[in-house]
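Chemist: Okay, here's the structure, questions in a sec.
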Amino acid sequence: MSPLAKVHYPEAFNGEYIRVHLDFEKDLKDILEKSGLKDNFTSKFKQRLKHLNDRKRECVRKHDWFEKLKKEKDLYSIKFKDEKNVRILFAFIAYEGIEYAILLYPFQEKDDKNKSQYSYDTAKPIAQGRLKEVLNDV
């Protein structure tokens, strides 16, 4: 089975380069519905996806939107600096000579009620698990 069987094209964007983990869009919708940021977020999300699609690995040069996570071999983050600070962890993979960006796990970085629940330390293992799941068949 192809690892790409475990991912699909994001609903918000038509492109060949970007894919999402099967659980990604449900997780993102849950965050947006709880936060009330859906309308404002959608346009920013599409802008960042277009930048990622156009620039590929060079996307990280736009530091206010993207970052390579320190101490993580394969993980990157898409940043949305709003009142809720949504982050999307993603990775680049190659399959049959073609590179893809796989959006793995969205999370809300900061929440005054429960900071430990919304942190990179909590999100990174989830993203790594999803990446491992996708790569299991490579």
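Chemist: Could you work out how far apart the two model spin labels at ARG55 and ASN136 are, taking each label as a point 7 Å from the Cα in the direction of the beta carbon, and quote it in nm?
Modeler: Placing both labels 7 Å along Cα→Cβ, they lie 3.4 nm apart.
Chemist: Take the Cβ-Cβ distance between ASP82 and TYR17 as r, set R0 to 25 Å, and report the resulting FRET efficiency rounded to the nearest 0.05.
Modeler: 0.45
Chemist: Okay, next question. Once ligands and nucleic acids are excluded and a 1.4 Å probe is used, how much of TYR105 is accessible, expressed in Å² to the nearest 10?
Modeler: We get 40 Å² for TYR105.
Chemist: Now, a different point. Longer than 21 Å from Cα to Cα, which of LYS26/LYS71; LYS29/LYS73; LYS34/LYS132; LYS79/LYS124; LYS46/LYS71; LYS26/LYS62 are they? Say none if no pair is. Provide the component values of the computation, followed by the final result.
Modeler: Details: LYS26/LYS71 28 Å; LYS29/LYS73 28 Å; LYS34/LYS132 28 Å; LYS79/LYS124 14 Å; LYS46/LYS71 28 Å; LYS26/LYS62 27 Å.
Those over the limit are LYS26/LYS71; LYS29/LYS73; LYS34/LYS132; LYS46/LYS71; LYS26/LYS62.
Chemist: Could you compute how much accessible surface ASP23 exposes when probed at 1.4 Å, giving the result in Å² to the nearest 10?
Modeler: Here the residue's solvent-accessible area equals roughly 70 Å².
Chemist: Sticking with this one: Can you give me the solvent accessible area of LYS44 with a 1.4 Å probe, rounded to the nearest 10 Å²?
Modeler: Surface accessible to solvent at LYS44 totals approximately 50 Å².
Chemist: Let me ask something else. Please compute the length gained on full extension between ASP64 and SER119, using 0.36 nm multiplied by the number of residues separating them and subtracting their Cα-Cα distance. If you can, show how the numbers build up before the last one.
Modeler: Working: separation 55, 0.36 × 55 = 19.80 nm, distance 1.82 nm.
Here the answer is 18.0 nm.
The values are calculated or read from the model by the stated rules, or taken from the named source; none is laboratory data. Because the structure is a prediction, the values reported are computed rather than measured. When we count neighbours, we look across all protein chains shown, and the Cβ atoms used for this are built from the backbone with ideal geometry, even at glycine. Heads up: the accessible areas ignore ligands, DNA and RNA and are worked out on the full protein's heavy atoms, side chains in. Shrake-Rupley method; radii C 1.70, N 1.55, O 1.52, S 1.80 Å.
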